[in-house]
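Structure first, then comments.
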Amino acid sequence: MTREVHKFGGASVRDADAVRNVGRILADVARADVGLAVVVSAMGKTTNAMESVWSALPQGEAAIPAVERVRRFHAGILDGLSMPWSVLEKDWALFEDTLAAWKGQAADDRGYDALVGFGERFSTRIVHAHLAALGLPVEWVSAWELIVTDAGHRAARVDLEETRNRVVQRMSMGTGALYLTQGFVGGTLDGTPTTLGREGSDFSGALLAEALDAERLVVWKDVSGVMTGDPRRWPPARRIERLDYG
């Protein structure tokens, strides 16, 4: 069986139409002879919004407006997909419990990792619900328990051997299931949440591809590939067809 890892960044799941597009892509890719693992980032600019929540922690109640913006954003995407808030209800309750535990404390790196990674959790719950509604055999997997790291918060180092063991145990590529997990986040051996650094979701995809001995890692972007510049700012930008590791 061919094994593939597909990664979708924040721009690829920025709104309800984008989530529907992800569904169409994965419905086309999913076949009986392909084992799929899918990594999804937080939606749109959610990580920036979650960082605003984190930075307001020392002021306690000052975090409430930022939290409400995060809630309204995800509720709007659920509405656009004709899905109920119950899709996020349990995770939102866990987020609020975590927020309450850190409110009034210093905005340190451990608190950052405890809170900011919820953006990926919300995103993948919504994508999971949409894929399930399409009839795809999707299973949601927590990267907090899958990607094992040290306690280097906001820039954790990955335990490659333990991560590979967990990925192989959790993702049975021969079952025909589509495994959906989060980018950017991981956890220590004792279960403490960590993050891999900003823009770390591509790294998450690479970790899964290595652990699964995947034939392909496909990184979906809002451009056609690695380019010489941002085409929105520099129209002559061109696609780089081949890059070596260096």
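Okay, here's what the table says:
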| read-out | value |
| --- | --- |
| Search result, residues across the stretch 144-161 that are in a loop (DSSP other than H, G, I, E, B) and either acidic (Asp, Glu) or crowded, with 19+ Cβ neighbours inside 10 Å (or both) | 147, 150, 153, 156, 159 |
| Test: residue in the stretch 82-101 that is open to solvent by less than 70 Å² (accessible area, probe 1.4 Å), farther than 28 Å from residue 133 by Cβ and touching a residue at least 40 places away in the same chain (Cβ under 8 Å) | yes |
| Failed item in (1) out of contact with any strand residue (DSSP E or B) (no Cβ under 6 Å at 6 or more places or on another chain); (2) open to solvent by 80 Å² or more (accessible area, probe 1.4 Å); (3) in contact (Cβ under 8 Å) with a residue 40 or more places away in the chain; (4) not acidic (Asp, Glu), with residue 216 passing the rest | (1) |
| Residue 64, sole failed condition from (1) more than 15 Å from residue 51 (Cα to Cα); (2) open to solvent by 60 Å² or more (accessible area, probe 1.4 Å); (3) outside any loop (DSSP other than H, G, I, E, B) | (1) |
| Meets criteria (assigned to a helix (DSSP H, G or I), in contact with a helix residue (DSSP H, G or I) (Cβ under 8 Å, 6 or more places away or on another chain), crowded, with 18+ Cβ neighbours inside 10 Å and not polar (S, T, N, Q)) for residue 207 | yes |
| Residue check for residue 15: among the acidic types (Asp, Glu) and farther than 26 Å from residue 198 by Cβ | no |
| Matching residues in the stretch 191-202 - criterion: being at pLDDT 95 or above and either more than 17 Å from residue 121 (Cα to Cα) or crowded, with 21+ Cβ neighbours inside 10 Å (or both) | 193, 194, 195, 196 |
| Lone unmet requirement of (1) open to solvent by 70 Å² or more (accessible area, probe 1.4 Å); (2) under 20 Å from the mean Cα position of the chain (by Cα); (3) in contact (Cβ under 8 Å) with a residue 24 or more places away in the chain for residue 187 | (1) |
| Tally, over the stretch 102-143, of residues that are open to solvent by 10 Å² or more (accessible area, probe 1.4 Å), assigned to a helix (DSSP H, G or I), in contact (Cβ under 8 Å) with a residue 12 or more places away in the chain and closer than 20 Å to residue 173 by Cα | 1 |
| Residue selected from the stretch 219-239 under the condition among the aliphatic types (A, V, I, L, M) and under 26 Å from the mean Cα position of the chain (by Cα), by the criterion most open to solvent (accessible area, probe 1.4 Å) | 226 |
| Near pairs, Cβ below 6 angstrom, 6+ apart or cross-chain, from the stretch 12-39 (on the phi < 0 side of the Ramachandran plot and of a type in the set (Asp, Glu)) to any residue that is open to solvent by 80 Å² or more (accessible area, probe 1.4 Å) and modelled with pLDDT under 95 | 33/1 |
| Residue count, the stretch 9-54 (criterion: over 21 Å from residue 119 (Cβ atoms), open to solvent by 10 Å² or more (accessible area, probe 1.4 Å) and not small (Gly, Ala, Ser)) | 6 |
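The values are calculated or read from the model by the stated rules, or taken from the named source; none is laboratory data. Predicted, not measured: the structure shown is a model, and the values here were computed from it. Reconstructed Cβ throughout: ideal geometry from the backbone, glycine too, with neighbour counts over all protein chains shown. The accessibility values were calculated without ligands, DNA or RNA, using every heavy atom of the protein model including side chains. Shrake-Rupley method; radii C 1.70, N 1.55, O 1.52, S 1.80 Å.
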